[in-house]
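Step one of this worksheet: look at the structure below.
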Amino acid sequence: MLLAFSVAPSGVPADPAYAKAGGDASVQDAVAAAVRIVRESGLPNQTDSMFTTIEGEWDEVFDVVKRAAEEVGKYGSRVSLVIKADIRPGFSGELTAKVDRLENAITGQS
């Protein structure tokens, strides 16, 4: 399974230590905390400007997303979570293989 997700806090955190000036959540710090959890999971992953994509089995991928969302929750009174998944049993290494196939199609290689 490939799972791309985006997570962000909003509102005022319960603990002022997680707030920036003005009292709202620091989105950058919250996203950094979430990506840290993903990277520490040991699952293949990739982060770009919009999403973090992780690859693994259903339970392990969703466990990482849950822990990341819980961590982001420290930075605000609510959490926004967007998820997109590609569930393809029997395939692994698709985090890079899908892009490789696309690049080959663009350049006309087989």
Checklist entry - For the range 50-78, what are the residues that are modelled with pLDDT under 95 and of a type in the set (S, T, N, Q)? => result S77
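Quick one: is L3 part of a strand (DSSP E or B) and modelled with pLDDT of 95 or more?
yes
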Checklist entry - Of all residues in the range 52-88, which are open to solvent by 30 Å² or more (accessible area, probe 1.4 Å), among the charged types (D, E, K, R) and farther than 12 Å from A34 by Cβ? => result E57, D59, E60, D63, R78, K84, D86, R88
Checklist entry - Which of the residues spanning the range 17-68 are without any contact (Cβ under 8 Å) to a residue 12 or more places away in the chain and either in contact with a Leu (Cβ under 6 Å, 6 or more places away or on another chain) or among the polar types (S, T, N, Q) (or both)? => result Q28, S49
Checklist outcome for this item: Of S49, S92, the only residue that is in contact with a strand residue (DSSP E or B) (Cβ under 8 Å, 6 or more places away or on another chain) and of a type in the set (G, A, S) is S92
Next on the checklist: What are the pairs with Cβ atoms under 8 angstrom where one residue, in the range 70-86, is closer than 18 Å to D59 by Cβ and the other, located anywhere, is of a type in the set (D, E)? Sequence gap at least six, or different chains.
Outcome noted: D86/E94
Checklist entry - Is there a residue in the range 11-20 that is in a helix (DSSP H, G or I), among the hydroxyl-bearing types (S, T, Y) and open to solvent by 40 Å² or more (accessible area, probe 1.4 Å)? => result yes
Checklist entry - Which condition number in (1) of a type outside the set (V, I, T); (2) in a strand (DSSP E or B); (3) open to solvent by less than 20 Å² (accessible area, probe 1.4 Å) is the one that A8 fails? => result (3)
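The values are calculated or read from the model by the stated rules, or taken from the named source; none is laboratory data. Please read all numbers here as calculations on a predicted model, not as lab measurements. Here Cβ is always computed from backbone atoms with ideal geometry, including for glycine, and neighbour counts include all displayed protein chains. Note: areas computed on protein heavy atoms with side chains; ligands, DNA, RNA excluded. Shrake-Rupley method; radii C 1.70, N 1.55, O 1.52, S 1.80 Å.
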